[in-house]
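Peer 1: One structure is given below, represented as structure tokens, and several questions about it will come after.
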């Protein structure tokens, strides 16, 4: 199987620690991270993805907004700069533990957070990054800090 993700969620998953909009959203996100940790490939999509699914039935769902699509464009550009060997336009791709570590280092220093401006989760993600990504569910875990539920 393949996990369908929009580009800005490639950044969001770096700091996912079990918090989100609703319990259904968190459960879905947790299941997706488990699939990624198990080695599933990623397909980059334009528009709502598997992470968005629990929210799509809401009348005020932001997943279709132009501002969210602009986040995707900014995130893809930043990720492409950090990981030029990963072809985000390929049908599917995977992120190695090394690639995730590189993205986290650049996320922490703020250099790939153009997509994060004005996001309601910005402060939480900043705190998580400054705390060495402790408690995050996506592998690779930091030494001596396994993700919750592992």
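None of the figures in this text is laboratory data; all of them are computed from the coordinates on show. Note that the structure is predicted; figures quoted are calculated from it, not measured. As a convention, Cβ positions derive from the backbone with ideal geometry for all residues, glycine included, and neighbour counts pool all protein chains shown.
Peer 1: Let me confirm something: among 24, 38, 91, which residue is more than 15 Å from the chain's Cα centre (by Cα) and over 27 Å from residue 134 (Cα atoms)? Before the answer, list the steps.
Peer 2: Values: 24 fails: over 27 Å from residue 134 (Cα atoms); 38 fails: over 27 Å from residue 134 (Cα atoms).
Result: 91 is the single residue among 24, 38, 91 that is more than 15 Å from the chain's Cα centre (by Cα) and over 27 Å from residue 134 (Cα atoms).
Peer 1: All but one of (1) surrounded by 15 or more Cβ atoms within 10 Å (Cβ to Cβ); (2) in contact with a helix residue (DSSP H, G or I) (Cβ under 8 Å, 6 or more places away or on another chain); (3) outside any loop (DSSP other than H, G, I, E, B); (4) touching a residue at least 40 places away in the same chain (Cβ under 8 Å) hold for residue 73; state the number of the condition that does not hold.
Peer 2: Of everything listed in (1) surrounded by 15 or more Cβ atoms within 10 Å (Cβ to Cβ); (2) in contact with a helix residue (DSSP H, G or I) (Cβ under 8 Å, 6 or more places away or on another chain); (3) outside any loop (DSSP other than H, G, I, E, B); (4) touching a residue at least 40 places away in the same chain (Cβ under 8 Å), residue 73 misses just condition (1).
Residues checked against (1) in contact (Cβ under 8 Å) with a residue 40 or more places away in the chain; (2) exposed (fewer than 15 other Cβ atoms within 10 Å of the Cβ); (3) in contact with a helix residue (DSSP H, G or I) (Cβ under 8 Å, 6 or more places away or on another chain):
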{"residue": "46", "(1), (2), (3)": "yes, yes, yes"}
{"residue": "59", "(1), (2), (3)": "no, yes, no"}
{"residue": "65", "(1), (2), (3)": "no, yes, no"}
{"residue": "83", "(1), (2), (3)": "no, no, yes"}
{"residue": "93", "(1), (2), (3)": "yes, no, no"}
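Peer 1: Next question. Which ones in segment 89-99 are part of a helix (DSSP H, G or I) and closer than 23 Å to residue 46 by Cβ? First the steps, then the outcome.
Peer 2: In the first step, residues of segment 89-99 are kept if they are part of a helix (DSSP H, G or I); the result is 97-99.
Selection gives 99 alone.
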